[in-house]
Amino acid sequence: MTGFDLSAILTNSDYRAMLLHGIETTFAIYVGSWLLAMTLAILLLAFRMSPVRIGEPIVKAYISYHRNVPTLVQLMLWYFGIFTLLPQGLTNWLTDHNAEAIFAIIGLGLCQAAYFSEDLRSGLRSVSPGQMEAAKALGHGYISALRFVVMRQGVRNALPPLFKNSSLAIVVGASELTHGVKEIENLSFRTFEIYLVGTVLYLFFSLIIMGAGAYLSMRADPARRARA
């Protein structure tokens, strides 16, 4: 093997196919876990803000657990622990339908819901009262302003993290991008080249997601839209 040669990776059709499959699986895990996390985070936030007195300690306990137990451990618990306790018929079905990715989605989604809930709570606190006043001035009611203006700005900060965190799914055998990079390294012995490609891909897609979040935030800001 000679020196640095990026073309050895990029011109190999098998390696490109492995990277493409890894990207597809990564996005499937990202979208699935993000939807689960955001849905649960909104429910946790609503439960926490409700007049039910037990809501606050329950949500705090949930958040504390997921903040103090490493995400990696939680993924392994779901796949190597809980998976083995399920009925045989269900385990067979999961095995036939990419159980690794499914449990990665569940594990990441439940874990990130705790962080997203706090992000949304902080986001709601950080949105200035002027945002709500501007929304009302444009004809929004309280619920409409909360949904289309305040909540969207709280959601913005929760967009990028799960994409890079999906790489943790490698520990349960999910064939996402990091798994593909590792496999290509084992086959090609081009360690620097393939990890450089993997780094660029993660950075590229993360920046796109961040850009989408910034765009949604701008669209949700009535004052900025009025100036546009």
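Observations
- Unmet requirement for Ala220, which otherwise passes all of (1) open to solvent by less than 30 Å² (accessible area, probe 1.4 Å); (2) at pLDDT 85 or above: (2)
- Of the criteria (1) at pLDDT 90 or above; (2) out of contact with any Asp or Glu (no Cβ under 8 Å at 6 or more places or on another chain); (3) over 30 Å from Ser175 (Cβ atoms), which one Ile63 fails: (2)
- When residues of region 32-84 are limited to those that are free of Cβ contacts under 8 Å to residues at least 60 places away in the same chain and charged (D, E, K, R), the one most open to solvent (accessible area, probe 1.4 Å): Arg53
- Residue within region 193-205 that is open to solvent by less than 40 Å² (accessible area, probe 1.4 Å) and modelled with pLDDT under 75 present: no
- Filter result for Glu176 (modelled with pLDDT of 75 or more, buried (at least 21 other Cβ atoms within 10 Å of the Cβ) and not β-branched (Val, Ile, Thr)): yes
- Positions within region 187-216 being farther than 17 Å from Met18 by Cβ, touching a residue at least 24 places away in the same chain (Cβ under 8 Å) and among the hydrophobic types (A, V, I, L, M, F, W, C), in sequence order: Phe192, Ile209, Met210, Ala212, Ala214, Leu216
- Members of region 95-117 that are part of a helix (DSSP H, G or I) and surrounded by fewer than 17 Cβ atoms within 10 Å (Cβ to Cβ): Thr95, Asp96
- Qualifying residue in region 127-136 (condition: among the acidic types (Asp, Glu), at pLDDT 90 or above and more than 21 Å from the chain's Cα centre (by Cα)): no
- Considering region 1-31, and only residues there that are farther than 27 Å from Asn98 by Cβ and among the polar types (S, T, N, Q), the residue that is surrounded by the most Cβ atoms within 10 Å (Cβ to Cβ) turns out to be Thr11.
The values are calculated or read from the model by the stated rules, or taken from the named source; none is laboratory data. If you're wondering where the values come from, they're calculated on a predicted model, not measured in any experiment. Don't worry about glycine lacking a Cβ; one is built from the backbone with ideal geometry, like all the others, and counts go over all protein chains shown. For the accessible areas, the whole protein counts, side chains as well, though only heavy atoms, and no ligand, DNA or RNA atoms are used. Shrake-Rupley method; radii C 1.70, N 1.55, O 1.52, S 1.80 Å.
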